[in-house]
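*Asks:* Submitted below is the structure of interest, expressed as structure tokens.
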Amino acid sequence: MLNPEITKLINEQINKELYSAYLYLGMANYYADQGLNGFENWFFVQTQEELDHAQLFRKYLLNNGESVVLTEIAAPDAEYKDFREPLVKALEHERFVTDCINKIYQAAYKINDFRTMQFLNWFIEEQGEEEMNADDNIKKFDLFAGDSKGLYMLDNEMKARVYAPPSLVLD
Ligand code: FEO
């Protein structure tokens, strides 16, 4: 059993992680339409990671005897004004997710829910990486994508990203 407020927040987080997957899938589609298959790949891998995050939160509720409540997932943007805009929106989004996870942690801390705090530790570290990666993408874009040759090379680098399952496993 978990505290009802913690259960509610984690259920909401499942929706946010699924929205994240949807958002990044939309960005992958945008880049695919523009012929930037490396950027498409990067965001498709990101989509897969977000589905993993949703699954981890889902499994945590189930393992603690709580029901999972699935709610409607909002449609993400389909159009962007330029190649840089999704990168900026991705960073903004990751900062928002970090804030959401911190709020769950704060709620768990208030009621001495050490189990949830320990579970969230993985996500707190993960969010540090997520923000760093999103920030790196903007920096690389600004440094190297100023002309078509640089954009081509950066796209090739983005193509090299490979999906890896999360280091946290919940049976
Ligand atoms: Fe699930 Fe990108 O945070």
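The values are calculated or read from the model by the stated rules, or taken from the named source; none is laboratory data. Remember, predicted model here, so these are calculated numbers, not experimental data. Reconstructed Cβ throughout: ideal geometry from the backbone, glycine too, with neighbour counts over all protein chains shown. The area values use the complete protein model at the heavy-atom level, side chains included, leaving out ligands, DNA and RNA. Shrake-Rupley method; radii C 1.70, N 1.55, O 1.52, S 1.80 Å.
*Asks:* For a test of understanding, tell me how many lysine pairs in the range 64-171 have Cα atoms under 18 Å apart, given they are 8 or more places apart or on different chains.
*Replies:* 8
*Asks:* Another question, if that's okay. Rank Lys159, Lys81, Lys89 by accessible area, highest first, at a 1.4 Å probe radius?
*Replies:* From most accessible down to least: Lys81, Lys159, Lys89.
*Asks:* Could you compute the longest span of the chain free of GluC sites (Glu not before Pro) located in DSSP loops and having at most 12 other Cβ atoms within 10 Å, not counting the site residues? Each step should come with its number before you reach the end.
*Replies:* On the way: sites that count: Glu72, Glu79.
Here the longest run is 80-171.
*Asks:* Follow-up. Give the shape of the range 71-147 as rounded, prolate or oblate, defined through the alpha-carbon gyration tensor: a ≥ b ≥ c are the square roots of its eigenvalues, a/c under 1.5 means rounded, and otherwise the shape is prolate if a/b is larger than b/c and oblate if not.
*Replies:* oblate
*Asks:* Apply the a/c threshold of 1.5 to the C-alpha gyration tensor of the range 4-159 and tell me whether it is rounded, prolate or oblate.
*Replies:* In terms of gyration-tensor shape, prolate.
*Asks:* Could you provide, to the nearest whole Å², the per residue accessible area of the chain with probe 1.4 Å?
*Replies:* Values: 9400 Å² over 171 residues.
Heavy-atom accessible area per residue stands at 55 Å².
*Asks:* Now a separate question. Within the set of other residues whose C-beta is less than 12 Å from the C-beta of Leu51, count the net charge using Lys and Arg as +1 and Asp and Glu as -1.
*Replies:* -3
*Asks:* Continuing with this model, one more query. Grab the other residues whose beta carbon is less than 14 angstrom from that of Tyr109, score K and R as +1, D and E as -1, and report the net.
*Replies:* Net charge in that neighbourhood comes out at +1.
*Asks:* Moving to a separate point now. For Leu143, what charge total do you get from the other residues with a beta carbon under 15 Å from its beta carbon, if Lys and Arg give +1 and Asp and Glu give -1? Don't jump to the answer; show the numbers that get you there.
*Replies:* Values: positive: Arg84, Lys139, Lys140, Lys149; negative: Asp135, Asp136, Asp142, Asp147, Asp155, Glu157.
Net charge around Leu143: -2.
*Asks:* Hey, with R₀ at 30 Å, roughly what FRET efficiency would Lys159 and Ala74 work out to, going by the Cβ-Cβ distance, to 0.05?
*Replies:* Efficiency, from the Cβ-Cβ distance: 0.55.
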